1. Are any residues in the range A:80-123 charged (D, E, K, R) and within 17 Å of the chain's Cα centre (by Cα), and if so, which ones?
2. Give me the helices (runs of 4 or more DSSP H) completely within the range A:220-312, filtered to those with at least 1 residues that are at pLDDT below 85 and surrounded by 13 or more Cβ atoms within 10 Å (Cβ to Cβ), ordered by residue number.
3. Among what's in the range A:176-222 and is among the charged types (D, E, K, R) and touching a Phe, Trp or Tyr at 6+ places or on another chain (Cβ under 8 Å), pick the residue that is farthest from A:GLY154 (Cα to Cα).
4. Exactly one of (1) within 9 Å of chain A (Cβ to nearest Cβ); (2) part of a helix (DSSP H, G or I) is unmet by B:GLN158. Its number?
5. Give me the pairs, please: first residue somewhere in the range B:27-51 and under 21 Å from B:PHE95 (Cα atoms) and within 15 Å of ligand 2 (Cβ to nearest atom), second residue anywhere and in a loop (DSSP other than H, G, I, E, B) and polar (S, T, N, Q), beta-carbon distance under 6 Å, and either six or more positions apart or on two chains.
6. Among the listed residues A:ALA318, A:ALA393, A:ALA385, A:ALA375, identify the single one that is out of contact with any His (no Cβ under 7 Å at 6 or more places or on another chain), within 16 Å of ligand 1 (Cβ to nearest atom) and not in a loop (DSSP other than H, G, I, E, B).
7. Would you please list the contacts, defined by Cβ atoms under 7 Å and residues six or more apart or on different chains, that run from a residue in the range B:200-214 that is within 16 Å of ligand 2 (Cβ to nearest atom) to a residue that is acidic (Asp, Glu)?
8. Restricting to the range A:334-378, name every residue that is within 26 Å of A:ALA4 (Cβ to Cβ) and among the β-branched types (Val, Ile, Thr).
Amino acid sequence: MNLATKDIKHNFGRFVLTSAGIGLLLMVVMGMGGIYRGIVEDAVTLVERIGADLWVVQKNTRGPFAEISRIPRDLEDGVLTVPGVESTHGFVSHTVQRDYKGKSLRLTIQGLSWPLDKGLWLPKAAGRGLTQAHYELVADKSSRLQVGDKLPLGKEIFTVKGLTKGMISQAGDSMAFMTLDDAQAVQFDLSPESIRIERMARVNRLFNIELGQIQPQMSERAGGPSSGIPALGTSMVSAVLVSVKPGYNIEAVAKHIDAWPDVSVYTKDGQKQLLLQGPADRARRQLGLFRRLLIIVSAIIMALILYTLTLDKLHDIAMLKLIGAKNSLILGLIMQQAILLGGIGFCIAYLLGQWIFPYFPRRVVLVRGDLYSLAIIVFVISILASLLGIWRAMRADPSEVLS
Amino acid sequence: MSLSNNNPALQAAGLTKIYGSGHTEVVAVRDVSLSVARGEIVALVGPSGAGKSTLLALLGLIRPPNTGRIIIDETVVFDNHQVKVNVRRFRRQKFGFVFQKANLIPFLTAAENVRLAMEIDDQPARISRRRAMELLEYLGVAERAENLPSMLSGGEEQRVAVARALANRPSLIVADEPTAALDSVHGRQVMELFRKVAHEQNAGVIVVTHDHRALDLFDRTLEMEDGQLRKSHN
Ligand SMILES: Nc1ncnc2c1ncn2[C@@H]1O[C@H](COP(=O)(O)OP(=O)(O)OP(=O)(O)O)[C@@H](O)[C@H]1O
Ligand SMILES: [Mg+2]
């Protein structure tokens, strides 16, 4: 005869409510752990999905995610000459926040090196890749954009050609892919007025130096588009991505490029490490802290619940002692209820989480290992929580029945 | 009548119980000696505050006496400040308890309450289940076996409590005002039950009561006043 389950059956409504409460609490703990994992995974899959063997960035920066990096786009060609390099392409990544259909829309824009890269490698949920060099994009479905949506960015209107799944930036924003040129155009978009002012400033500078006096016809060039002025150099990208030919040692290629005075090079793993140490790290630690606090809070709440349940039964416990029940019976009664409460709470947390986590703004990743360790933690706090009640029960004196 | 009938179920000598200390000190039981034979039913009467409940708690090993000696079934249980046995085990094996309130475990059915007493003494479920039904039948509440205590009347609850007290074939049953919460008809029925139990189960029974109309059912009446036994009838 199991007293714990008999008591629960007798007070079933109360037990269900209590375990539902514990379940909600544990669901939050589980969710926190899942978001923590999500942050790590987002950072790692970003680098993984982009798939480059090496990341060439501005010297001594930890770009392009952890900090800003700017290198000339023509490094694409320079790096290509290094032995062992199979292909290179410029990488541009920046985040825009616009109002779209009355809602705030955040997109982390990645440039694809058209025409080599049409975004066909992206994990697709709907639609297809880019079909032309301009004014098209592929967005992640977490942005709630639909294929065919028309989105004004910069001075142009972009058409959504396809949707990806699971392409989330390390900050939790949806990613969007367009050609490198478009991405740069969006990034460096200036209003007509600021372009006019910039061009006028150039003409003025020209006339302030000797060259302007000698060759006044140059003012026409200076007052035109910046792409037409050779002296202004090429456009900048955040990084150059490198694929290494099979059979070549990636480390050796990296060393070769890293010796150049103007760039730093990271391998795929190095880039993942940077992301985890950098932008993801504080969020990760914050979540870890919250999770630990919540576990402590759950333990305290469970202890109070079990203590109250014990207080309610104190007269019965005194009677059990009076008729000669062993302490182990009473201890078992309280501890089994604690474990049942924790166990059922855990199951409720899991089931509720399965249903509710997909609607969380950040990705929640439930890893089997995390679930197991949480289960063990719940088991341990259930036992710890029952100690207060057990301590009270052990102090109950059989003579209390007489009063 | 069996041979053991004349063996005392209980012998107590020089029992004293003092509550509190200093100026709050109360001597609830003062140098009490008594013995109860197996198969004998004894009434303990006296005014309120005389120390009847306290004496019963001493005899039932619920409270330790300050001085004195208690022998149960020829085993010295308590002697001069020293507990000689595992009291918890002694209580479950040798005693049956009944109080003014039935004190049934509220989340167990009548039958389970009776079985519990046997299961805490490690009786197999198969045996405890059968004996619980037999006892409930013996006490006339078999049809209530599957009911929770909250569904029983006061008299029925008290019968279940008596069944629980009998479960482990105790040598001694101690009952503190078991009929106080019952009307006189049901009260007398319960007292008759105790008499039947004493004689048929060969247990010593000691009952505290204020109901003088039921005293004819007892083999002997002990009167208590101011913590002391006055005299015994019969
Ligand atoms: N736990 C206790 N602490 C202190 N004093 C107590 C305690 N229990 C009983 N007493 C005192 O001991 C004396 C005897 O009490 P007891 O309950 O044994 O009397 P009783 O004969 O059973 O009375 P009643 O007929 O009212 O039940 C009383 O003066 C009472 O106040
Ligand atoms: Mg009393």
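1. Residues of the range A:80-123 charged (D, E, K, R): A:86, A:98-99, A:101, A:103, A:106, A:117-118.
If the condition is that a residue be charged (D, E, K, R) and within 17 Å of the chain's Cα centre (by Cα), then A:ARG106 is the only one that fits.
2. In the range A:220-312, the matching helices (runs of 4 or more DSSP H) lie at A:268-277, A:279-312.
3. Residue satisfying both the conditions and the ranking: A:ASP181.
4. Single failed check for B:GLN158: (1).
5. Pairs found: B:ALA43/B:THR209.
6. Answer to the selection: A:ALA318.
7. Qualifying pairs under 7 Å: B:VAL208/B:ASP176; B:VAL208/B:GLU177; B:THR209/B:GLU177; B:HIS210/B:GLU177.
8. Of all residues in the range A:334-378, those within 26 Å of A:ALA4 (Cβ to Cβ) come to A:334-352, A:371-378.
Passing the criteria: A:ILE334, A:ILE339, A:ILE344, A:ILE348, A:ILE376, A:ILE377, A:VAL378.
The values are calculated or read from the model by the stated rules, or taken from the named source; none is laboratory data. Every value quoted in this text rests on a predicted model; they were computed, and no experiment measured them. For neighbour counting, all protein chains shown are included, and Cβ atoms are generated from backbone atoms with ideal geometry for every residue, glycine included.
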